[in-house]
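One structure below.
The values are calculated or read from the model by the stated rules, or taken from the named source; none is laboratory data. Since the structure is predicted, the reported quantities are computational estimates derived from the model, not experimental observations. Cβ atoms come from the backbone with ideal geometry, glycine included; neighbour counts cover every protein chain shown. Accessible surface areas use protein heavy atoms only, side chains included; no ligands, DNA or RNA. Shrake-Rupley method; radii C 1.70, N 1.55, O 1.52, S 1.80 Å.
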Amino acid sequence: MIDLPNVWGAPEWRWPAIALVAVLAAALVWGYTRSGVVAWVRWVGGLAKAVAVVLLALMLVEPQRSDTRPVSGANLFVLLADNSQSLRVRDGDAEESRGQRLKQQLAADADWQVRLAHDFDVRRYLFDRRIRPVADFDALATDGTGSSIAASLSAVARRYAERPTAGILMFTDGNATDVEASAVDWSEMPPVYPVVLGAASTAKDISVTRLTVSQTNFEAAPVNVAAEIVCHGYAGEDVAVELLDEKGERLERQVIGGVEDDKPFAVRFQVRPEQQGVAFYSVRATGLGVRGSGIAESANADDADEATLENNVRFAAVDRGGGPYRVLYVAGRPNWEFKFLRRSLADDPEVALVGLVRIANREPRFKFRDRDGKANPLFGGFSEAGDEQVERYDEPVLVRLGTEDKEELRTGFPKTAEELFGYDAVVLDDIEAEFFTADQHALLQQFVGQRGGGLLMLGGQESFVKGKYDRTLIGEVLPVYVDRGGDAARARESVERAPSGEAMGDEAYRLDLTREGWLQPWVRVRSTEVDELKRLLEMPPLRTLNRVSSITPGATVLARVKNSDGTVAPALVVQRFGKGRAAALLVGDLWRWHVGRKTHEDTEPARSWRQTLRWLVSDTPKRVEVSTERDADDPNQPMRVSVKVFDEAYKPLDNAAVRVTVTPPDGKAIELIAEPVDATSGVYATTYVPRIAGPYRAEVVATAADASEIGRRTAGWTAEPAADEFRTLSPNRELLERIAADTGGEVIELDALESFVDDLPNRKIPVTEPVIYPLWHRWTMLLAVVGLLVCEWGLRRWKGLP
């Protein structure tokens, strides 16, 4: 760039200089006019000499340039270098990795660094998951497990907020692992000059970019694992995707043929864990032609065709819950449904069924007195036992099945919250509302709404409307209206207009799933729609149905029955109620499905019962509940383990002692103490920072003030810093350009550092000083004058002019 004068050192000489130029110009014109040479010689020679005369005249007025420059050492300039493993990747056919090229440019004796240190106070930092100052960049090892770009820039901006900072020169590939770019206000930072590392075109690579896990109550495959995979350089080739268990043993393998470059595709697996609690799975993707199917120790994977193997595997944690869950079954009489339900759950390790079956109804007690008004001993008995010890003949006769000890349910249906809340769900079958006291009605409603338990009412002859549950607290929990009259206008799926409570008659009808029912895996028994439709057609016809006027607002019909003339009625209705859930199975003879089995190997009826009860208890909380959450805003990404502890009435418990034992992948367990959270009653929390990639288990044990154990739960999570780091290998130039634009900086290429440093003083600098330097005695000025005069003299001699 040509520096033009903006200050004149001797302005008093301007008129003599003008006069000198005018005289010499006139003499020049007169001399060339009389020379008689060709026109172009006159013009070229005259112009060269005229310019030389003008430059000599300018020297008389001493042209100068007034400018500013950074005060040496007064301004900070930060060099921020990425130290993450992603810089170990080689671009295309390059012999050196990105990190090796960067380390050469960051040598302490590099010319651009020497020049930068002359004008600025240079501060140097390395960053990966955290940022740290360094004296030089000899410690650059590219072994970090993350790229906390936003956190590192924010830390530098905060640290030097009160100091004049000329800018930040950041060397990175732009693949941040801390937060999304849209979540950061870059405009509050000093100018950032990103230096983009890496080329857009990289070597061959297969990356498992995402792994998600969903759980269902579908017994055949309760865990669905979905992996998203992106390939580069494998267009038209086959890729093998494997599902591995925690021990690294292969559970399933799929081959995806003809993949496309840079186009994500999904692979899904279905698996049934062999045991309860926390389990870990991993998905590994490899090209079928790649040498070696293992996972390389280093990110370079020099012995493979891929750029890196660190992103070929991802882990996922699956929590199958804290069973066994306890379900209380209450029936008004022995029936087939209980028989088959109990058989279905006999070998289920997740659900334990406790039965309370009435085998004789309550009978009125009469007192026969003699003529003296005393009780007749023939009827009152001759025992001398007190009244509280004499068997009462006005109480129903109940049979307890599957209890843990002889004290459980000794007095019948639970009368206190501590006793009832020990169960996870309650099933009512063929039992009238009058069986329960008013307090027990309220207790069951609290069990569902406050404790978060499940309630299922089956379609026995004393259930729903015929059980007189209308205007009761239990009836309010049900997802159907059990009033006798009903509003025919709102009974959208009722059968004709018969009074509520009546069955459809002796005519057979078929079970069918609604659209919502097809979307619920626990309602289906077979894995495909075609097979499920075949099952429904093969089921024996049903003949008993409890009629209701309509479903409640917010309830969902999952199954319905259809008569031969096409009329339909709800058969299975569910809804949320407070913290829990309630379901109504209006069919009263589902046992026909069990009896009508063609072979004993047909386990579908039993599987349907198991799936239903698993759904009923799937969201029921225990006295100790554990949740884990990763702090994505923290560069170290710590895991926060939160524990909720309840007393026997499921109220928050504040005086508990909570211990958390974390077992990392290397097996070296560490015990932490969860401290109470001030803002929430009954909540305890602790924080753990994972240091090793792989699966983690946390066993939580809560004890009461008397040292008795309240409960224990196990949680799990995975740490995959390398997988996040290598999610993509191409530089994120878009992010770096945005950071530069928002901060007033500019994207710099790695080989343009010299020119950038030379031009840096001309940019906006916080602390500067004025400087004035003359232009008239520069060697360029003298060279221009002498050169022009020599050219003019040579032209004259060439043409023979004097």
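Hey, with R₀ at 30 Å, roughly what FRET efficiency would Val530 and Asp565 work out to, going by the Cβ-Cβ distance, to 0.05? Don't skip to the end; give the middle numbers.
Numbers: r = 27 Å, r/R0 = 0.89.
The pair Val530/Asp565 has a calculated efficiency of 0.65.
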Per-bin percent of Cα-Cα distances, region 24-102 [10 Å]: 13, 19, 11, 11, 10, 19, 14, 3
Can you figure out the FRET efficiency of Asp136 with Val51, using R₀ = 45 Å and their beta-carbon distance, to the nearest 0.05? 0.35
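Counting only other residues whose beta carbon sits under 12 Å from that of Asp138, what net charge do I get with K and R as +1, D and E as -1? Can you show the working numbers first?
On the way: positive: Lys103, Arg124; negative: Asp109, Asp136.
Its environment carries a net charge of 0.
Please state, as a whole number in µm²/s, the translational diffusion coefficient that the Stokes-Einstein equation yields for region 744-802 at 4 °C and 1.567 mPa s, with Rh defined as the Kirkwood radius across alpha carbon pairs. Write out the running numbers ahead of the final one.
Working: Rh = 16.2 Å.
It diffuses with D of about 80 µm²/s by this estimate.
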With 0.36 nm assigned to each residue of separation and the Cα-Cα distance removed, Glu538 to Ala632 gains 28.6 nm
Computed lengthening from Arg410 to Lys799, 0.36 nm per intervening residue step minus Cα-Cα distance: 126.7 nm
For region 678-723, which semi-axes, largest first and in whole Å, follow from the square roots of 5 times the eigenvalues of its Cα gyration tensor? 28, 14, 8
Within region 116-150, whose backbone N sits under 18 Å from a point 7 Å along Cα→Cβ of Asp759? 116
Sort Thr743, Thr416 by accessible area with a 1.4 Å probe, largest first. Thr416, Thr743
Helix-only estimate, please: 222 nm mean residue ellipticity of the chain, summing -39500 (n - 2.57) across DSSP H runs of length 4 or more and dividing by its residues, to the nearest 500. -6500 deg cm²/dmol
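If R₀ is 41 angstrom, what is the calculated FRET efficiency for the pair Cys791 and Val7, using the beta carbon separation as r and rounding to 0.05?
Working: r = 30 Å, r/R0 = 0.74.
With R0 = 41 Å, the Cβ-Cβ based efficiency is 0.85.
Going through the cross-link list Lys339/Lys406; Lys406/Lys622; Lys579/Lys622; Lys247/Lys622; Lys579/Lys644; Lys339/Lys562, which pairs have a Cα-Cα distance over 20 Å in this structure?
Working: Lys339/Lys406 22 Å; Lys406/Lys622 23 Å; Lys579/Lys622 13 Å; Lys247/Lys622 29 Å; Lys579/Lys644 15 Å; Lys339/Lys562 27 Å.
Correct reply: Lys339/Lys406; Lys406/Lys622; Lys247/Lys622; Lys339/Lys562.
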Under 16 Å from a label point 7 Å along Cα→Cβ of Asp619: give me every residue in region 452-467 with its amide N that close. 452-456
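Report, please, the projected area of region 519-569 averaged over directions, based on the convex hull of its C-alpha atoms, in nm².
On the way: hull surface 19.2 nm².
Projected area, direction-averaged: 4.8 nm².
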Given the Cα-Cα distance of Arg400 and Ala94 and 0.36 nm per residue of separation, how much length would full extension add, in nm? 102.5 nm
Using a 1.4 angstrom probe with every protein chain in place, what is the largest-first accessible-area order of Tyr650, Tyr509? Tyr650, Tyr509
Segments 126-135, 67-76 sorted - mean Cβ within 10 Å per residue, highest first: 126-135, 67-76
How much area per residue is accessible in the chain when the probe is 1.4 Å and only protein heavy atoms are counted (Å²)? 51
Across bins of 10 angstrom width beginning at 0, how are the C-alpha pair distances of region 78-224 distributed, in whole percent? 10, 35, 30, 13, 7, 4, 1, 0
Which Rg and Dmax, in Å, describe the Cα atoms of region 499-632? 17.1, 62
√(5λ) per eigenvalue of the Cα gyration tensor, region 49-145, largest first, Å: 45, 20, 9
Any idea how far apart His118 and Thr687 come out in nm if each label point goes 7 Å out from Cα toward Cβ? 4.6
Treat each spin label as a single point 7 Å out from the Cα along the C-beta direction, and report the Ala226 to Thr768 distance in nm. 5.6
In what sequence, highest mean first, do 345-352, 653-660 appear when ranked by Cβ atoms within 10 angstrom? 653-660, 345-352
For Lys263, go through the lysines and keep the ones whose alpha-carbon is under 21 Å away, minus same-chain ones fewer than eight residues off. Lys204
Percent relative contact order of the chain, based on C-alpha pairs within less than 8 angstrom and at least six residues apart? 16
In the chain, whole DSSP H helices that both stretch 30 Å or further along their axis by alpha carbon positions and average at least -0.5 on the Kyte-Doolittle scale are 39-60
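Once the other residues with Cβ under 11 Å from the Cβ of Val477 are scored (Lys, Arg +1; Asp, Glu -1), what is the net sum? Present the calculation step by step, with values, prior to reporting the outcome.
Numbers: positive: Arg576, Arg581; negative: Glu476.
Here the count lands on +1.
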The Cα extents of the chain along the principal axes, largest first and rounded to whole Å, are 168, 60, 57
What do you get when you divide the Cα radius of gyration of region 636-736 by 2.2 N^0.38 Å, with N the number of residues? 1.39
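On a 1.4 Å probe surface of the protein chains, which of Asp439, Asp261 comes out largest in accessible area, and what is the full order? Could the numbers behind the result be given before it?
On the way: Asp439 120, Asp261 60 Å².
In descending accessible area the options line up as Asp439, Asp261.
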